[in-house]
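Single-structure report; data block below.
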């Protein structure tokens, strides 16, 4: 997969979610592991429609509703195109779950303010190099916290072995980090750093969705 994950040949989201659900159950982690989706909907949005079968925003909303009824999904990132504000707002209003803005927000305080005012989502995906500096990233995170949003510190697809974002997530106390599958050095480095921090401190704050 793009970020080190196992990517079997599946034809649709339902097949992927079925495999995940079955793997979680057979491993005995049904009460501990929940599913989060990064839809990246801007990548398959064209001229007002979603996906190859040309779903309207309303039809795509119903598609999500059907999936959420069948699978234990607790968080979804970028469920709609970054400029499809009406769909974002309706989705966040309708479903009691974590709705994360990445392409919608791009770690930009101005877009966060708009999204908070319009109630487009309820969580920020925090990417340092998306906004440019740590100062601006902290401003974005604090603005999200001010609006009682969740914050998820995130890697990028083209990562290095630098593990700083693990320290950042612990330092912010936001409780969530997105660093890919525990495969390949640039992903494992972050997990190892989290383990090192835990070894040095037993008072870490772990967040829950």
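The values are calculated or read from the model by the stated rules, or taken from the named source; none is laboratory data. Everything quoted here is computed from the prediction, not taken from an experiment. Note: ideal-geometry Cβ built from the backbone for every residue, glycine included; neighbour counts use all protein chains shown.
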Looking only at the range 136-159, count how many residues are part of a loop (DSSP other than H, G, I, E, B) and either modelled with pLDDT under 90 or closer than 11 Å to residue 105 by Cβ (or both).
-> 5
Residue satisfying all of: in the range 35-61; out of contact with any strand residue (DSSP E or B) (no Cβ under 8 Å at 6 or more places or on another chain) and assigned to a strand (DSSP E or B); surrounded by the fewest Cβ atoms within 10 Å (Cβ to Cβ) among these = 46
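Does residue 15 satisfy the criteria of being more than 18 Å from residue 99 (Cα to Cα) and loosely packed, with under 15 Cβ neighbours inside 10 Å?
Values: more than 18 Å from residue 99 (Cα to Cα): yes; loosely packed, with under 15 Cβ neighbours inside 10 Å: yes.
So residue 15 fits the description; yes.
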Within the range 112-135, is even one residue under 30 Å from residue 60 (Cβ atoms), over 18 Å from the mean Cα position of the chain (by Cα), outside any loop (DSSP other than H, G, I, E, B) and without any contact (Cβ under 8 Å) to a residue 24 or more places away in the chain?
-> yes
Filtered residues of the range 98-111 (kept if within 15 Å of the chain's Cα centre (by Cα) and either more than 26 Å from residue 4 (Cβ to Cβ) or assigned to a loop (DSSP other than H, G, I, E, B) (or both)) = 102, 103, 104, 105, 106, 107
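Among residues belonging to the range 62-83 that are over 22 Å from residue 20 (Cα atoms) and under 15 Å from the mean Cα position of the chain (by Cα), point out the one that is surrounded by the fewest Cβ atoms within 10 Å (Cβ to Cβ). Steps first, answer last, please.
From the range 62-83, those over 22 Å from residue 20 (Cα atoms) are 80-83; that's our starting set.
Retained after the next criterion (residues that are under 15 Å from the mean Cα position of the chain (by Cα)): 80-82.
Details: 80: 28, 81: 22, 82: 17.
If we take residues in the range 62-83 being over 22 Å from residue 20 (Cα atoms) and under 15 Å from the mean Cα position of the chain (by Cα), then 82 is surrounded by the fewest Cβ atoms within 10 Å (Cβ to Cβ).
Hey, can you tell me all the residues within the range 89-129 that are under 17 Å from residue 165 (Cα atoms), surrounded by fewer than 18 Cβ atoms within 10 Å (Cβ to Cβ) and modelled with pLDDT under 95?
Within the range 89-129, 129 is the sole residue that qualifies.
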